[in-house]
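Everything on this sheet refers to the single structure shown next.
Here, each number is a calculation from the coordinates, and none is a lab measurement. Everything quoted here is computed from the prediction, not taken from an experiment. Because the Cβ atoms are built from the backbone with ideal geometry, glycine has one as well, and the counts that use them run over all protein chains shown.
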Number of protein chains: 4
Amino acid sequence: MVGLGRMGGNMAERLRAAGIEVTGYDANPQNSEVATLADLAAALPQPRRVVWVMVPAGAPTAAVLDELGRVLDEGDIVIEGGNSHFEADQTNAAKLAERGIGYVDVGVSGGVWGRENGYGLMAGGSDADIETLMPVFDALRPEGPREEGFVHVGPVGAGHYAKMVHNGIEYGLMQAYAEGYELLEARDDLVPDVGAVFTAWQRGTVVRSWLLDLMVRAITTDPGFEEISDWVDDSGEGRWTIEEAINSAVPLPVISAALFARFSSRQPSSPAMRAVAALRQQFGGHATKAAQQA
Amino acid sequence: MVGLGRMGGNMAERLRAAGIEVTGYDANPQNSEVATLADLAAALPQPRRVVWVMVPAGAPTAAVLDELGRVLDEGDIVIEGGNSHFEADQTNAAKLAERGIGYVDVGVSGGVWGRENGYGLMAGGSDADIETLMPVFDALRPEGPREEGFVHVGPVGAGHYAKMVHNGIEYGLMQAYAEGYELLEARDDLVPDVGAVFTAWQRGTVVRSWLLDLMVRAITTDPGFEEISDWVDDSGEGRWTIEEAINSAVPLPVISAALFARFSSRQPSSPAMRAVAALRQQFGGHATKAAQQA
Amino acid sequence: MVGLGRMGGNMAERLRAAGIEVTGYDANPQNSEVATLADLAAALPQPRRVVWVMVPAGAPTAAVLDELGRVLDEGDIVIEGGNSHFEADQTNAAKLAERGIGYVDVGVSGGVWGRENGYGLMAGGSDADIETLMPVFDALRPEGPREEGFVHVGPVGAGHYAKMVHNGIEYGLMQAYAEGYELLEARDDLVPDVGAVFTAWQRGTVVRSWLLDLMVRAITTDPGFEEISDWVDDSGEGRWTIEEAINSAVPLPVISAALFARFSSRQPSSPAMRAVAALRQQFGGHATKAAQQA
Amino acid sequence: MVGLGRMGGNMAERLRAAGIEVTGYDANPQNSEVATLADLAAALPQPRRVVWVMVPAGAPTAAVLDELGRVLDEGDIVIEGGNSHFEADQTNAAKLAERGIGYVDVGVSGGVWGRENGYGLMAGGSDADIETLMPVFDALRPEGPREEGFVHVGPVGAGHYAKMVHNGIEYGLMQAYAEGYELLEARDDLVPDVGAVFTAWQRGTVVRSWLLDLMVRAITTDPGFEEISDWVDDSGEGRWTIEEAINSAVPLPVISAALFARFSSRQPSSPAMRAVAALRQQFGGHATKAAQQA
């Protein structure tokens, strides 16, 4: 396991709990069991060494894969379990294939709850590589039927493509609950306790979900979300979802609205809305913000 | 129970299964146990008769409530369990209050699955009326802690306000899954079996939910949704959600996008898009649909 | 002319400049030429007195129309030139019709520029009433062919319905320019002077318009819109546009997005986005605003 | 002039009318005055030959630029006047710079009307190159102050970046008018003649614009747009606008909605909406399209 952060560290623990031997490497020497990736490679049982990479997407992942290309051999397999772009997977796999090293990309969902609940897994790669890795996937995925927590989506890249779409959907779901939250909160004459409504939606309703359960936890912890800013970050996968939609001419009004709401949330002042305000002044003849619409 | 359709009929069965005696009235004499609402009123044990109304919103509900106002007496309680607008509840309650008849509005979620799973319930009314009715609500709501399947939201109208928001959220959730579905389907080179991906999202992932489970059922039944039209109806509650957002100046980009997608789905030809096509012809000088953008 | 504010006052001047005699009444005695509406009615030449009402929509307009119903007589005509809802027009007209008083609703566009340029006019009412009023409309509308600055849209209410749609379009147009402005501004390495680009769009381009000209004025006055807040008000007509779209099942993704952007612009902190931030914390396990997406 | 299609051909004519000598090359020998690009280069007066490229973006433009790199010399200038991506300009310019050939990118707006009205021009490149080319730009741009029809936006790529944003705005403007059109048309009881309303908006109103004038032409030609399909194409520039917005974290709710409306317009059946319909069946228990919302 390369990368022992919140995700990689928890996954290593879950694997070990399932009886799978794991050697962990981390860029931070204090967390790492081996000094270098070369040491890691040397420590793994041969043949068919398996290295799971769980580091931030982009340059960090690229650097690790590069180094692994040097220290691994034909027949070994690299699993890219981070949030790489699916086209980066295809490039990376081609490079490692020149040296006979297999490549499997896995989208991993579940966040900090995965260690206990298991992780939802979406894999891309060859049938042979996936079959080799099934004991690992079975250890990581949740209890229950395999096909309800793991899928071999397709060729290399397909795992991260599915994870990208998963995250796009997640953006839409979260925004839908959040809009509903705000609308309930807007009428405190009718709904004095918004948290009680969300709590009651957990059983029997059409909108019940794991995210709803988390919403209830969040509201219970901090009613009115008083202690939290409305600043919302976004990861690459939401952006890629829209880009892929554009590439495939697929309309995504809801997911794009959710992404743009996050962009807006981070603006201390919106240039676009200043422009609208300025325009209204021009035709309405007003100098103040309470300008009347012509 | 007034109205023995898909919802009312199932609810009557669930109530009886819980040992609550129910007399059913339906406009269709063949389904009805009594001939008239007056007969129904006469058949109920006094005092504090309870009549649950479960008929289509609007005129049908208004007609039933009108008649109940005549045949019930002081101390009786009417439950409006359909999808009335929350302001209609307030009007209806005021009218019945003149005769001393109590009024409770209940939003009921769960669809055809409610008979077996129990119904998610959101109620509006006085504390006293709600307390009187708790045995009925306990019989209808799902197993588990009461507060996870039932909520007394606030005064009359509050139950249907919460149900309206619930349905608005539901629109957004469904559209988010649907957009993800289309994006997966657009790349069948990477994702040959979209159903397998949805199936694998059921455990461990952030997007797992009851609607996702239903999506899996739907895809399994009809892969590619070949046997179904893309025509999607909308009920009043989605529209009211947007109207209330406008009244409260709450931005609902996701829920409104979901509603508008349904409007669009029902148009054989979009007047707006014909106008855009015509405009492009004008400045691009093209007579065909493959007009080039200037 | 009832109401001598920015709109009514300018319109009275334009009418007088065209040789039409105008008596002005305003709630503020210092601006008013007569003390009461009764005095106004008495001052007008009979028969077929014409009163143009130009006061804020809602209660102020209703109060004026009420009083005019008392002081006018059969054969007189009231013109409601403010921003009334088209259904309010229908109600108002019916009430005045009981006393034989005619009613014409006129949507007036052009803002503070109208005194000089003329006003775009959209009228609703009977053919006979409109014909009677044509000299007034001809004085107010811009130079050029009558049909390019005035339209008798249809029966009572139709003028304000057209004006409502006009304003909805206006919301969309302004937001489109504003989004483009922000995108230009985001790349000051490529576009050091956004104002120069807008200036150059005034001739020859597809996007040239009067609003673009105003945008150039605004940017020239205050480059970067430094002196203006991003707080943007909205008038009733934008909201009604969405409500009517919902009533007619017409999808309005652009106009609704423009309205919601205004709602958002006025929120010091978005409850919805606080909810999204809280949700992300729950599954990602982060306590800070820079939470990483699971 | 390389490329004598609708745009290039008209521009060559406008240049000649202004007394500028033009030699035209087109891939179609019947339209071309010279047989090859080498012949074109040989025919131009030296030094500082100027070649304006006006061919479709992507591969065709790349092929022409490649060939020009071979047949031109140090000190010559290539103008890319098509709809290239601004980053492609940067790559292309770097390649030509190796041979000492200058590169200027120009976004050209105005469509088929440009020959008569002049073209709105947005240029990117070095000050020196732009200055050399000013006589050409002055011939092509509309009458009036230079800065109202031409802008030197910034370095290479800036011209096409500004044109990209221009087209994004154009998408939003067109959709806003189109939504308004549909909303007027939805109430033919109030608005029997939608064309008359658009016609009357041409003078005095806030929404007057060149696109509005074209809308009037279009409605007059084909009232109700009966002879046109609602299928609307999109060019690369609308898509790039959204991609750049994502790269710069700029929210574009209106422009993205306009793009997605075009995507939707081209779908004979929406997979997403079939999914929503299928979902509603699942929880509502309905087999038909008129399924009732739970």
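Could you tell me the relative contact order of the stretch D:1-64? Use alpha-carbon pairs under 8 Å, at least six residues apart, and round to a whole percent.
So the answer I get is 35 percent.
Hey, fewest Cβ within 10 Å first, where do D:SER269, A:SER264 land in order?
By the 10 Å Cβ count, ascending: D:SER269, A:SER264.
Helix by helix through chain A, keep the DSSP H runs that span 15 Å or more along the axis on Cα and average at least 1.0 on Kyte-Doolittle, and give those back in order.
Helices passing the filter in chain A: A:210-221, A:253-265.
Based on DSSP, what percent of beta bridges with both residues in the stretch B:99-246 are antiparallel, to the nearest 5?
Antiparallel bridges make up about 55 percent of those DSSP assigns within the stretch B:99-246.
Below 8 Å, C-alpha to C-alpha, sequence gap of six or more: please give me the relative contact order for the stretch D:164-266 in percent.
It rounds to 37 percent for the stretch D:164-266.
For a quick check: sort C:ILE79, B:ILE130, A:ILE169 by the number of other beta carbons within 10 angstrom, fewest at the front.
Ascending number of Cβ neighbours within 10 Å: B:ILE130, C:ILE79, A:ILE169.
Which log10 I(q)/I(0) values, to two decimals, does the protein assembly as shown give at q = 0.05, 0.06, 0.08, 0.09 Å⁻¹ under the Debye formula with one point per Cα?
Taken in order of the listed q values, log10 I(q)/I(0) reads -0.40, -0.57, -0.97, -1.18.
Considering the convex hull of the alpha carbon atoms of the stretch B:10-56, report its projected area averaged over all viewing directions, in nm², one decimal.
3.6 nm²
Measuring label to label, 7 Å along Cα→Cβ, what does B:GLU21 give against each other copy in nm, shortest first?
7.4, 8.4, 11.0
Using Cβ counts within 10 Å as a stand-in for footprinting exposure, how do C:TYR161, A:TYR25 rank, fewest first?
A:TYR25, C:TYR161
Run lengths n ≥ 4 of DSSP H only: what is the helix-derived mean residue ellipticity at 222 nm for chain D, with -39500 (n - 2.57) per run over all residues, to the nearest 500?
After summing the helix terms and dividing by residue count, I get -15500 deg cm²/dmol.
If N is the number of residues in the stretch A:6-155, what value comes out of its Cα radius of gyration divided by 2.2 N^0.38 Å?
0.97
Taking 22 Å as R0, compute the FRET efficiency from the Cβ-Cβ separation of A:ASP188 and B:ARG146 and round it to 0.05.
0.45
Given H placed 1.01 Å from N in the peptide plane, which residues other than close sequence neighbours of A:ASP26 have an amide H under 5 Å from its amide H?
When sequence neighbours closer than 5 places are left aside, the close amide H contacts are A:GLY3, A:SER32, A:GLU33, A:VAL34.
Evaluate E = 1/(1 + (r/R0)^6) for A:ALA63 and C:ASP73, where r is the Cβ-Cβ distance and R0 equals 60 Å; express this FRET efficiency to the nearest 0.05.
It comes to 0.10.
So for chain D, averaging the separation of alpha carbon pairs under 8 Å that are six or more residues apart and normalising by length, what relative contact order in percent results?
Once divided by the residue count of chain D, the mean separation gives 12 percent.
Can you find, among B:TYR119, B:GLY100, B:GLY24, the residue farthest towards the positive end of the dipole of chain B? Put +1 on the C-beta of Lys and Arg, -1 on that of Asp and Glu.
B:TYR119
Per q in 0.21, 0.22 Å⁻¹, report the Debye log10 I(q)/I(0) for the stretch B:164-266, using one uniform scatterer on each alpha carbon and no solvent.
-1.15, -1.21
Considering the Cα trace of the stretch D:127-206, what is its radius of gyration and what is Dmax, both in angstroms?
Values for the stretch D:127-206 (Cα only, Rg and Dmax): 19.4, 61 Å.
Within straight cross-link reach of C:LYS95, meaning Cα distance under 20 Å, which aspartates and glutamates are found once same-chain residues fewer than 8 apart are removed?
Leaving aside aspartates and glutamates fewer than 8 places away in the same chain, those within reach of C:LYS95 are C:ASP66, C:GLU67, C:ASP73, C:GLU74, C:ASP76, C:GLU80, C:GLU87, C:ASP105, C:ASP127, C:ASP129.
What's the ranking of A:15-22, C:50-57 by average number of surrounding C-beta atoms within 10 Å, highest first?
Taking the mean over residues of other Cβ atoms within 10 Å, the ranking is C:50-57, A:15-22.
Would you mind telling me the antiparallel percentage of the DSSP bridges in the protein assembly as shown, rounded to 5?
30 percent
Give me the dipole magnitude in Debye, nearest 20, for the protein assembly as shown about the Cα centre, with unit charges on the beta carbon: positive for Lys and Arg, negative for Asp and Glu.
Using only the charged Cβ atoms, the result is roughly 0 debye.
Assuming a ≥ b ≥ c are the square roots of the Cα gyration tensor eigenvalues, decide whether chain A counts as rounded (a/c under 1.5), prolate (otherwise, with a/b larger than b/c) or oblate.
Judged from the Cα gyration tensor, chain A comes out prolate (a/c at least 1.5, a/b above b/c).
One decimal, nm, shortest first: give the distances between the label point of A:ASP127 and those of the same position in the other copies, each label point 7 Å from Cα along Cα→Cβ.
The answer, with the shortest distance listed first, is 6.7, 6.8, 7.9 nm.
Name the most mobile residue of C:ASP213, C:ASP105, C:ASP234, meaning the one with the largest mean-square fluctuation, in a Gaussian network model of chain C with Cα contacts below 10 Å.
Result: C:ASP213 has the largest fluctuation of those listed.
Residue-wise, which Karplus ³J(HN,Hα) couplings in Hz belong to the stretch D:49-56, taking 6.51 cos²θ - 1.76 cosθ + 1.60, θ = phi - 60°, and x for glycine or proline?
5, 10, 10, 9, 9, 9, 10, x
In a Gaussian network model over chain C where Cα atoms closer than 10 Å are linked, find which of C:PHE225, C:PHE260, C:PHE86 has the largest mean-square fluctuation.
Looking only at C:PHE225, C:PHE260, C:PHE86, the largest GNM fluctuation is found for C:PHE225.
Using a Gaussian network for chain A with springs between C-alpha atoms less than 10 Å apart, which of these wobbles most: A:LEU211, A:LEU68, A:LEU40?
A:LEU211
Shape verdict for the stretch A:1-92, please, from the Cα gyration tensor: rounded (a/c under 1.5), prolate (a/b greater than b/c) or oblate.
Rounded shape, in that the Cα axes give a/c under 1.5.
Averaged across the residues of B:121-130, what count of C-beta atoms belonging to other chains lies within 10 Å of each residue's C-beta?
1
For A:TRP52, which sequence-distant residues (separation of 5 or more, or a different chain) have an amide H within less than 5 Å of its own amide H, given hydrogens modelled in the peptide plane?
Residues meeting the amide H criterion: A:VAL2, A:ILE79.
What is the calculated FRET efficiency for D:ASN247 to A:ARG266, with r their C-beta to C-beta distance and R₀ = 25 Å, to the nearest 0.05?
For R0 = 25 Å, the calculated efficiency reads 0.95.
Find the eigenvalues of the gyration tensor of the Cα atoms of the stretch D:165-212, then list the square roots of 5 times those eigenvalues as equivalent ellipsoid semi-axes, largest first, in whole angstrom.
Semi-axis lengths for the stretch D:165-212 are 22, 14, 6 Å.
If you keep only loop residues by DSSP, which GluC sites (Glu not before Pro) in the stretch C:127-176 have at most 11 other Cβ atoms within 10 Å of their Cβ?
C:GLU143
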